[in-house]
Amino acid sequence: MNISQAQQRINQLRQQLQKANYAYYVLDNPIMEDSIYDQLYRELQDLETQYPDLITDHSPTQRVGDSPASQFASIKHNIPLYSLENAFNLQELRQWQDRWQRQTPNIEQFEYVCELKIDGSALALTYENGVLIRGVTRGDGTTGENITQNVRTIRSIPLKLTLENPPNLIEIRGEAFLPLDEFDRINLEREQTAEALFANPRNAAAGTLRQLDPKIVDRRRLQFFAYTLHLPQNNQITTQWDSLNYLQSMGFLVNPNRKLCQSLEEVTNYCNQWETNRRNLPYMTDGVVVKINNYELQKQLGFTQKFPRWAIALKYPAEEAPTIVQDIIVNVGRTGAVTPMAVMKPVHLAGTTVQRATLHNSERIAELDIRVGDTVIIRKAGEIIPEVVRVVKELRPPQTQPYKMPTHCPECGSLLMRPATEAVTRCVNSYCSAILRGSLIHWASRDALDIRGLGEKIVMLLINNKLVNSVADLYHLTPEQIFTLERMGQKSSGKLITAIEASKKQPWSRVLYGLGIRYVGSVTARLLADNFPTVDELSQACIPSLASIHGIGEEIAQSVFDWFKITHNNTLIERLKEAGLQLVNEVSPLETSISIQSTLAGKTFVITGTLPTLKRTEAQTLIEKVGGKVTNSVSSKTDYLVVGEEAGSKLEKAQKLGITQLNEADLLALIM
Ligand SMILES: NC(=O)c1ccc[n+]([C@@H]2O[C@H](COP(=O)([O-])OP(=O)(O)OC[C@H]3O[C@@H](n4cnc5c(N)ncnc54)[C@H](O)[C@@H]3O)[C@@H](O)[C@H]2O)c1
Ligand SMILES: [Zn+2]
């Protein structure tokens, strides 16, 4: 990116963020998800760091919140209400610690207070001689709105403090919020009266606080957690922890889920724990606030223009993120299906780095109107393949072109087909190198014939040099032929031939899986091989007899039946037989499985990441069949971690605990 491109992007981001700020802070009606806002904001910050000359005073990065709306009287805060710096992962939390420690190198002992970050609206309350005299919104941090009448309706805000000798002036800050059931109730009511619904509890709380009629506010049961105390000088309270306890003794509601931590490790545990536990809370939280406990140290560190250096908010990982489309490509699979994919600027999402997202098909592309250069929101929920949710049209650069699906196969050049009844575009040339490549790679894959050394590169070389036209041709290759290929030494050629030879010993079920029949994954292949111990029996099976097997549905039965009706496929089977592959079961599968069953009974398994062929539920069923148990989180009680692609934090944890790891093939070997 050059400076003029950067300037253009910066302008677009500022405009978009300003619009979002206005919608969020003034209208209480956001136009984007918080996580998207946070990430676009981070992009702007990064660009401004890279091009400091482009920073302007009115950039959204340079100020807190937005100017308050005009219905209420403005009040200037005695002490500004700052924002909080964000950390989006534990690494950034550590970097924050490194930063403040560099600033105060003489500090050895310190503590942190962890608090839940309540997703509501900040209020500043003033008490004179123990009596509430003013309640003000945060506004832009410097000036807020006087909403005292409304604040007085909140029952968890004491009108009078329960203190013997209250100081003459005291300011308390905290978060007003709507409990989830109250939020639901209000929205239900609004639905019945055909009013616009609130987007989320935070906006509902902010909107309620700025209602002009206190009676309406009174009916909506807002609550308040206090978290900051400003006492006059010369007082006894010297830490955040003590001030929280003091607030409680004064009659405030203070969130009970706070923790005093002695190290960053303890903080990390707290954050991890609340990442899941927060779902059980009756109110919304959007992260954890970590504060240095000691006031003296807080004072030494001070504030930046926007936030305290002694506190940070760890935000929970988002399942959606914005990024930029660099290219749109199509991928031809081994079934000939053509899938368009967006190639994007790498982005961190749900614990992994994502660079490609599926665009499914041409209909989806038209619906999204996605173009190269677009900023898009991608989503990766749990184990699902990342996909593009929407395009942020406001951030589209000038002169982009709508995307058109290719009319011809990018691999073999033949015309692509799209049956009227299907959404999928296909290359139907059975000699297409993409299809051949896909089937060879699948044949050699771990759960199929497991031919080590036969990766994508060699497969391409074999195809391009016209050495193989089908998987059966692999068994006629000679070391000399392989040796003539680019970058293949004598030794590696020999090794590859040995690996190909060895694959002839793989059992019938793996051969069946390797054939790549539609819907026949490795588990289905095992089921079929158990019930049809020879290829001849399977090829003669009628649909009802296939479908009568528990676990085999109509769709699979039809697909297997159809596959064996094709002459081309039967020729392949004959050639594989001649080559000496196992197309017949050796031992009764029942015998082997029973002997092992007992050893797995009562063992605890955790599954993480995407397995190559098994769905999670399938893996779980298999484990449970042999008496094992599947749980969600890794602990010292876990016996096995089943690891798929893009495994996340569970893998790290299991490594720490030294838990045995299995891939899908290991798991199947263990179970069957
Ligand atoms: N969706 C949108 O369009 C949009 C627009 C603007 C801002 N936002 C959201 O607002 C955020 C920025 O707002 P911000 O400046 O108010 O910062 P912030 O909300 O990220 O953090 C500061 C606030 O945290 C709150 N808080 C909750 N619990 C707390 C605790 N225990 N201790 C201290 N503070 C606590 C306070 O209200 C404080 O003002 C963005 O990160 C974004 O998520 C969203
Ligand atoms: Zn093709």
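The values are calculated or read from the model by the stated rules, or taken from the named source; none is laboratory data. These figures come from a predicted structure and were not determined experimentally. Here the Cβ is made from the backbone with ideal geometry for all residues, glycine too, and neighbour counts use every protein chain on show. In case anyone asks, the SASA skips ligands and DNA or RNA and just uses the protein heavy atoms, side chains included. Shrake-Rupley method; radii C 1.70, N 1.55, O 1.52, S 1.80 Å.
General remarks:
- Within the range 514-547, tally of residues that are farther than 13 Å from Leu583 by Cβ and part of a loop (DSSP other than H, G, I, E, B): 8
- Considering residues of the range 490-549 that are basic (Lys, Arg) and either over 30 Å from Thr478 (Cβ atoms) or open to solvent by less than 30 Å² (accessible area, probe 1.4 Å) (or both) only, the residue farthest from the chain's Cα centre (by Cα): Arg526
- Residue count, the range 424-456 (criterion: in contact with a strand residue (DSSP E or B) (Cβ under 6 Å, 6 or more places away or on another chain) and open to solvent by 30 Å² or more (accessible area, probe 1.4 Å)): 3
- Screening Glu195, Glu266 for residues that are over 23 Å from Thr148 (Cα atoms) and not in a loop (DSSP other than H, G, I, E, B) leaves exactly one candidate, Glu266.
- Candidates are the residues of the range 634-656 that are within 11 Å of Val606 (Cβ to Cβ) and open to solvent by 80 Å² or more (accessible area, probe 1.4 Å); the one that is nearest to the chain's Cα centre (by Cα) is Lys653.
- Being near ligand 1 (Cβ under 9 Å from one of its atoms), free of Cβ contacts under 8 Å to residues at least 60 places away in the same chain and not assigned by the TED database to the domain that holds Ile147 is a property that Ile31 has.
- Residue in the range 485-495 that is of a type in the set (A, V, I, L, M, F, W, C) and in a helix (DSSP H, G or I) present: no
- Within the range 333-347, being open to solvent by 10 Å² or more (accessible area, probe 1.4 Å) and either within 16 Å of ligand 1 (Cβ to nearest atom) or touching a strand residue (DSSP E or B) at 6+ places or on another chain (Cβ under 7 Å) (or both) holds for Gly333, Ala337, Thr339, Met341, Val343, Lys345, Pro346, Val347.
- Scope the range 383-431; condition farther than 30 Å from Ile10 by Cβ and in a strand (DSSP E or B); matching residues: His408, Leu415, Met417, Thr425, Arg426
- Scan of the range 277-310 for residues that are open to solvent by less than 80 Å² (accessible area, probe 1.4 Å), assigned to a helix (DSSP H, G or I) and within 16 Å of Asn257 (Cα to Cα), ordered by number: Asn277, Arg278
- Of the candidates Arg487, Arg426, the single residue that is in contact with a Gly (Cβ under 7 Å, 6 or more places away or on another chain), charged (D, E, K, R), more than 16 Å from ligand 1 (Cβ to nearest atom) and not assigned by the TED database to the domain that holds Ser522 is Arg426.
- Only a single criterion out of (1) part of a helix (DSSP H, G or I); (2) within 14 Å of Glu115 (Cα to Cα) is not satisfied by Leu260, namely (1).
- A residue that is open to solvent by 40 Å² or more (accessible area, probe 1.4 Å), within 16 Å of ligand 1 (Cβ to nearest atom) and in contact (Cβ under 8 Å) with a residue 40 or more places away in the chain cannot be found anywhere in the range 406-423.
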